[in-house]
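Undergrad: What follows is a single structure, and I will ask about it in a moment.
The values are calculated or read from the model by the stated rules, or taken from the named source; none is laboratory data. Since the structure is predicted, the reported quantities are computational estimates derived from the model, not experimental observations. Positions of Cβ are generated from backbone atoms using ideal geometry, with glycine treated the same way; all protein chains shown enter the neighbour counts.
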Amino acid sequence: MIKRSTYKSMIATFLFSVLVIPQLFAAQAQPGSLFYDNIKQVKAGVLNIGYAEAGPDGGRPVILLHGWPYDIHSYAGVTAILAAKGYHVFVPYLRGYGTTTFLSPATMRNGQQSALAADIIAFMDALKIDRAIIGGYDWGARTADIMAALWPERVSALVSVSGYLIGSQQANKAPLPPRAELAWWYQYYFATPRGEAGYAANTRAFAKLIWQTASPQWHFSDSTFNRAAAAFDNPDHVAVVIHNYRWRLGLATGEKQYDALEEKLARSPVITVPTVTLEGDANGAPHPDPAAYATKFTGKYVHHTITGGIGHNLPEEAPQAFADAITEAGSLDK
């Protein structure tokens with residue numbers, strides 16, 4: 001005799017495969033057409049976090065984190081693939097993006113690295129997610145790396161584009177070779193009042209330029225860009241972005257509640273959770289060589305360079321490769 005709980009599970013799986021999976025593949029063909037048009041909200045820590053969710057409730061949790069200047073739609077194709085495989089996928093807007101807002105007007109619009117990681121731990125707590133596979137690129141990869149380094153018990157596996165991105169204000173005091181400094185031009189622009197005013201006045205034009213230079217072989221459409229750029233209309237976006245880059249250079253202070261976390265991160269902690277790192281073969285943004293960070297991952301570890309002109313926004317440019325990396329990272333956690 002089949003137990004009632006088992007029977008219910010079988011029925012739920014059947015209904016998901018018949019009713020939802022076809023829509024998920026349609027969403028993959030037209031990213032943002034399904035779950036990404038039904039944004040949910042949850043109060044977590046100092047934020048009211050907006051997020052997309054897809055996949056069966058009993059599926060293995062996956063949290064996908066976007067970068068700057070991008071948004072959750074970078075993962076629309078990845079979400080469709082993973083949800084169709086039975087994963088339970090969550091894609092939150094980071095602070096300063098989309099429908100994620102601060103609960104109090106008095107809270108500092110802080111963009112420092114540990115604050116963003118603490119946000120996602122709070123997000124997991126609010127949704128009662130004990131452990132999850134965490135994936136990210138750009139700001140999202142740094143956030144995922146920090147979570148894996150400081151809260152390994154919450155991260156079952158990691159997928160990080162461009163590898164180990166944890167930094168510190170002290171380390172950032174050291175000058176880079178001139179060509180490397182040139183690649184960070186916007187960081188120095190943001191360090192000035194002119195740069196802050198310029199980003200506020202030309203946010204979308206600025207973001208489009210970054211998209212073009214960071215992914216020189218990605219021929220995205222205006223509709224693809226405009227869909228993501230709507231997330232930059234968040235009232236705190238400019239403040240969080242400017243603070244993020246000024247904090248990195250030691251030109252802005254963070255909040256004291258994150259001091260202990262930053263002290264740990266300044267020691268460049270190793271990451272012990274199972275990890276897959278990725279790099280695009282045409283990434284036009286500043287990024288380290290994979291050989292430079294391989295030793296920072298001391299658990300089960302695999303690296304893949306994705307070919308075919310793939311740039312900085314790897315999940316959106318190569319969704320199948322990113323989804324495969326999530327599956328592979330999860331398999332390492334066995």
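Undergrad: Only one of Y137, Y75, Y97 is under 16 Å from the mean Cα position of the chain (by Cα), closer than 22 Å to Y258 by Cα and either modelled with pLDDT of 95 or more or surrounded by fewer than 24 Cβ atoms within 10 Å (Cβ to Cβ) (or both). Can you tell me which? Explain how you work it out, then say what you get.
TA: On the way: Y137 fails: closer than 22 Å to Y258 by Cα; Y75 fails: closer than 22 Å to Y258 by Cα.
Only one candidate passes the filter, namely Y97.
Undergrad: Taking the condition at pLDDT 95 or above and either surrounded by 24 or more Cβ atoms within 10 Å (Cβ to Cβ) or closer than 20 Å to D289 by Cβ (or both), does I129 pass?
TA: On the way: at pLDDT 95 or above: yes; either surrounded by 24 or more Cβ atoms within 10 Å (Cβ to Cβ) or closer than 20 Å to D289 by Cβ (or both): no.
Criteria not met by I129.
Undergrad: Whether any residue in segment 254-267 is closer than 24 Å to D145 by Cβ, basic (K, R), surrounded by fewer than 19 Cβ atoms within 10 Å (Cβ to Cβ) and under 22 Å from the mean Cα position of the chain (by Cα) is what I want to check.
TA: To start, the set of residues in segment 254-267 that are closer than 24 Å to D145 by Cβ comprises 254-267.
Restricting the remaining residues to those that are basic (K, R) gives 256, 264, 267.
If we keep only those that are surrounded by fewer than 19 Cβ atoms within 10 Å (Cβ to Cβ) too, we end up with 256, 264, 267.
Okay, now just the ones that are also under 22 Å from the mean Cα position of the chain (by Cα), so 264.
For segment 254-267, residues closer than 24 Å to D145 by Cβ, basic (K, R), surrounded by fewer than 19 Cβ atoms within 10 Å (Cβ to Cβ) and under 22 Å from the mean Cα position of the chain (by Cα): present.
Undergrad: A further question follows. Of the residues that sit in segment 228-253 and are among the hydrophobic types (A, V, I, L, M, F, W, C) and closer than 22 Å to A122 by Cβ, which one is surrounded by the most Cβ atoms within 10 Å (Cβ to Cβ)? So that I can check it myself, show each step before the final result.
TA: Narrowing segment 228-253 to residues among the hydrophobic types (A, V, I, L, M, F, W, C): 228-232, 238-242, 247, 249, 251-252.
Retained after the next criterion (residues that are closer than 22 Å to A122 by Cβ): 231, 239-241, 247.
Working: A231: 23, A239: 18, V240: 24, V241: 26, W247: 20.
For segment 228-253, the residue satisfying everything is V241.
Undergrad: With the structure loaded, tell me whether E262 is within 16 Å of Y137 (Cβ to Cβ), modelled with pLDDT of 95 or more and acidic (D, E) or whether it fails that test.
TA: On the way: within 16 Å of Y137 (Cβ to Cβ): no; modelled with pLDDT of 95 or more: yes; acidic (D, E): yes.
Against the criterion (within 16 Å of Y137 (Cβ to Cβ), modelled with pLDDT of 95 or more and acidic (D, E)), E262 does not qualify.
Undergrad: Starting from segment 250-274, take each residue that is under 17 Å from G163 (Cα atoms) and list its partners that are at pLDDT below 95 and of a type in the set (D, E, K, R), counting only C-beta distances under 9 angstrom and pairs at least six apart or across chains.
TA: Pairs that qualify, where the first residue is under 17 Å from G163 (Cα atoms) and the partner is at pLDDT below 95 and of a type in the set (D, E, K, R), are V273/D333; P274/D333; P274/K334.
Undergrad: Now for a separate question. Within the group G250, G284, G299, which residue is on the phi > 0 side of the Ramachandran plot and of a type outside the set (S, T, N, Q)?
TA: Details: G284 fails: on the phi > 0 side of the Ramachandran plot; G299 fails: on the phi > 0 side of the Ramachandran plot.
One residue alone meets the criteria, G250.
Undergrad: Of all residues in segment 244-284, which are hydrophobic (A, V, I, L, M, F, W, C), closer than 22 Å to H312 by Cα and not in a loop (DSSP other than H, G, I, E, B)?
TA: Of everything in segment 244-284, those that are hydrophobic (A, V, I, L, M, F, W, C), closer than 22 Å to H312 by Cα and not in a loop (DSSP other than H, G, I, E, B) turn out to be V276, L278.
Undergrad: Condition first: touching an Asp or Glu at 6+ places or on another chain (Cβ under 9 Å) and on the phi > 0 side of the Ramachandran plot. Now tell me which residues in segment 57-108 satisfy that.
TA: G96, G98
Undergrad: Same structure again: Among the residues of segment 59-67, is there at least one that is closer than 30 Å to S331 by Cβ, surrounded by 23 or more Cβ atoms within 10 Å (Cβ to Cβ) and out of contact with any strand residue (DSSP E or B) (no Cβ under 9 Å at 6 or more places or on another chain)?
TA: Keep residues of segment 59-67 that are closer than 30 Å to S331 by Cβ, which gives 59-67.
Of the ones still in play, those that are also surrounded by 23 or more Cβ atoms within 10 Å (Cβ to Cβ) are 62-67.
Imposing the further condition that a residue be out of contact with any strand residue (DSSP E or B) (no Cβ under 9 Å at 6 or more places or on another chain) reduces the set to none.
No, because not a single residue in segment 59-67 is closer than 30 Å to S331 by Cβ, surrounded by 23 or more Cβ atoms within 10 Å (Cβ to Cβ) and out of contact with any strand residue (DSSP E or B) (no Cβ under 9 Å at 6 or more places or on another chain).
Undergrad: Can we say D281 is surrounded by fewer than 18 Cβ atoms within 10 Å (Cβ to Cβ), touching a Pro at 6+ places or on another chain (Cβ under 6 Å) and either within 21 Å of G135 (Cβ to Cβ) or in contact (Cβ under 8 Å) with a residue 24 or more places away in the chain (or both)?
TA: Values: surrounded by fewer than 18 Cβ atoms within 10 Å (Cβ to Cβ): yes; touching a Pro at 6+ places or on another chain (Cβ under 6 Å): no; either within 21 Å of G135 (Cβ to Cβ) or in contact (Cβ under 8 Å) with a residue 24 or more places away in the chain (or both): yes.
Here the answer is no, as D281 does not meet what is asked.
Undergrad: Restricting to segment 188-243, and then to whatever is in a helix (DSSP H, G or I) and touching a Lys or Arg at 6+ places or on another chain (Cβ under 7 Å), can you tell me which residue is farthest from A282 (Cα to Cα)? Even if it seems obvious, please write down each step before you answer.
TA: Residues of segment 188-243 that are in a helix (DSSP H, G or I), as a first pass: 188-190, 193-201, 203-214, 222-233, 237-243.
Among the residues that remain, those that are also touching a Lys or Arg at 6+ places or on another chain (Cβ under 7 Å) are: 190, 225, 229, 232, 239-240, 243.
Numbers: F190: 25, F225: 19, A229: 23, F232: 25, A239: 30, V240: 28, H243: 28 Å.
Among them, the one singled out is A239.
Undergrad: Among the residues of segment 313-334 satisfying the criterion of being part of a loop (DSSP other than H, G, I, E, B) and in contact with a strand residue (DSSP E or B) (Cβ under 7 Å, 6 or more places away or on another chain), which is farthest from D71 (Cα to Cα)? Explain how you work it out, then say what you get.
TA: Within segment 313-334, the first condition is being part of a loop (DSSP other than H, G, I, E, B), and the residues that meet it are 313, 318, 333-334.
Subset that is in contact with a strand residue (DSSP E or B) (Cβ under 7 Å, 6 or more places away or on another chain): 318, 333.
Details: A318: 16, D333: 28 Å.
Across segment 313-334, the extreme among qualifying residues is D333.
Undergrad: Does segment 314-333 contain at least one residue that is more than 23 Å from H73 (Cα to Cα) and at pLDDT below 95? Please lay out each step first, then the result.
TA: Restricting attention to segment 314-333, the residues satisfying the condition of being more than 23 Å from H73 (Cα to Cα) are 331-333.
With the extra rule that they be at pLDDT below 95, the set shrinks to 333.
Yes - at least one qualifying residue is present in segment 314-333.
Undergrad: While we're here: Take the conditions closer than 12 Å to V159 by Cβ and touching a Phe, Trp or Tyr at 6+ places or on another chain (Cβ under 7 Å) and apply them to P286. Does it pass? Spell out the reasoning first.
TA: Values: closer than 12 Å to V159 by Cβ: no; touching a Phe, Trp or Tyr at 6+ places or on another chain (Cβ under 7 Å): yes.
Spelling it out, it is not the case that P286 is closer than 12 Å to V159 by Cβ and touching a Phe, Trp or Tyr at 6+ places or on another chain (Cβ under 7 Å).
Undergrad: Tell me the residue from D289, D333 that is crowded, with 16+ Cβ neighbours inside 10 Å and acidic (D, E), please. Spell out how you get there, then give the answer.
TA: Details: D289 fails: crowded, with 16+ Cβ neighbours inside 10 Å.
Residue meeting the stated conditions: D333.
Undergrad: Also, quick follow-up: Would you point out the residue of segment 244-253, among those that are over 18 Å from the mean Cα position of the chain (by Cα) and of a type outside the set (D, E, K, R), that is nearest to L116 (Cα to Cα)?
TA: For segment 244-253, the residue satisfying everything is W247.
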